[in-house]
Amino acid sequence: MTQDGDAGVPGSLARVLGDVAAERAAQDEMWGMQELPDGTGGGRTAADSGRARQETETAAGDGTLTWRHILAEEVLEAFAEADRDRLRAELVQVAAVAVKWIQSLDRRPAPADRLMTPGDRREAAAAAPGGHREAPAAARGDRFRAIVDVHVMLVRGAEILLARRAGTGYGDGLWHLPSGHLEEGEAATAAAVREAAEEVGVTVDPADLTFVHVMHRAPERVGLFFTTGKWIGEPCNAEPHKCSEIAWWPMDALPDDMVDYPKAAIAKIVAGVPFAEHDWSTDH
């Protein structure tokens, strides 16, 4: 089941965790696994923790609460712990709040209507006062990591099934193919079968799927498109909290109010073109 803010969508938990994993890999490449003393505990850290907790409670009471209040309280509570297990629990809370704060940042409008990539974020951090510049990508051994989404074209004669998005935070009000993100360890055909069941309530045999197109969307998205004319069950709106309606549309007369890239991909598929690049320009 897809979650609020799938990978690559503003506010995506999967995307933020991917960025965290990439940053951790870069740090490990530079410094390896480090065994250092904790440096936590003691009367001063406990006093700092208490003041941070009081500041957070006051801000919450007078309506001025910020992410800084919450994260500072969690960090200082971790600093106050000397017990290993309690320190670990506090550090998990620190990480969870930091990730949630990043999700909040990602949901805000970004310059040029584009989210920063992990590379952008590293450059910004290095340029900031007190920031540390990382080794070049080649030295870190970084590799490009694509976000893969899978699209299912249910075909009935000359028509395909589309769903109108609603309440998702991306493309709401626009028509789209049944689709979703490839999950870790999941085969592309398994993802297509899963999305067809989750979104429009039909069962598709992976053997009945035909791969018809791949689209590379700038800068890190790769879309895999499958088509099938066989399924079990009558298509329905199986996710009314994410979809307002479904409908059959002629492939040569798709709706104007459709997400642009699947519409472009369908045109390529009709023309027999197996690969396309979308939304690339000289600034990527």
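Once phi is turned into ³J(HN,Hα) by the Karplus curve 6.51 cos²θ - 1.76 cosθ + 1.60 with θ = phi - 60°, what whole-Hz value does each residue of the range 188-193 show in order, with x for glycine and proline?
So the Karplus estimates, Gly and Pro as x, are 4, 5, 5, 5, 5, 4 Hz.
When we measure straight from the Cα of residue 100, which aspartates and glutamates land under 16 angstrom away, once same-chain ones fewer than 8 places off are left out?
Reachable aspartates and glutamates: 4, 6, 19, 73, 74, 90.
Out of residues 5 or more away from residue 41 or on other chains, whose amide H comes under 5 Å of its own, with H placed 1.01 Å from N in the peptide plane?
HN-HN under 5 Å from residue 41: 80, 81.
Mind ordering 263-272, 62-71, 221-230 by average Cβ neighbours within 10 Å, highest first?
Per-residue mean Cβ counts within 10 Å order the peptides as 221-230, 263-272, 62-71.
Please work out the FRET efficiency for the pair residue 31 and residue 59, using the Cβ-Cβ distance as r and a Förster radius of 35 Å; give the result to the nearest 0.05.
0.45
Per residue of the range 95-101, what does 6.51 cos²θ - 1.76 cosθ + 1.60 with θ = phi - 60° give for ³J(HN,Hα)? Whole Hz please, x for Gly and Pro, Karplus curve as stated.
4, 5, 5, 4, 5, 5, 5
Give me the net charge of residue 172's neighbourhood, meaning all other residues with Cβ under 12 Å from the Cβ of residue 172; Lys, Arg count +1, Asp, Glu -1.
Value of the local net charge: +2.
Please list, in chain and number order, the residues 5+ apart from residue 160 or on another chain whose amide H is under 5 Å from its amide H, with Hs placed from the backbone.
Amide H neighbours of residue 160: 249, 251.
With θ set to phi - 60°, apply the Karplus curve 6.51 cos²θ - 1.76 cosθ + 1.60 along the range 258-265 and write out the HN-Hα couplings as whole Hz, x wherever there is a Gly or Pro.
10, 3, 5, 6, x, 5, 5, 5
Label residue 249 and residue 44 with points 7 Å out from Cα along Cα→Cβ: what is the distance between them in nm?
Between residue 249 and residue 44, the simple spin-label model gives 6.4 nm.
With 10 angstrom as the radius, rank 74, 35, 220, 245 by how many other C-beta atoms surround their C-beta, starting from the fewest.
Ranking 74, 35, 220, 245 by Cβ neighbours within 10 Å, fewest first, gives 35, 245, 220, 74.
Between residue 259 and residue 84, what is the label-to-label distance in nm when each label sits 7 Å out along the Cα-to-Cβ direction?
That separation, rounded to one decimal, is 4.7 nm.
Using only the alpha-carbon atoms of the range 162-273, report the extent along each of the three principal axes, biggest first, to the nearest angstrom.
32, 30, 29
Order these peptides, 198-207, 149-158, by their mean beta-carbon neighbour count within 10 angstrom, highest first.
149-158, 198-207
Roughly speaking, what is the centre-to-centre gap between the range 36-57 and the range 15-31 when only Cα atoms are used, to the nearest Å?
27 Å
Using a cut-off of 14 Å between beta-carbons, work out the net charge of the residues near residue 253 (Lys and Arg +1, Asp and Glu -1, residue 253 not included).
Residues close to residue 253 contribute a combined charge of -3.
Read the figures in this text as sums done on the coordinates, not as results from a lab. As the structure is a prediction and not an experimental result, all values here were calculated from the model. Please note: Cβ atoms are built from the backbone with ideal geometry, for glycine as well, and neighbour counts cover all protein chains shown.
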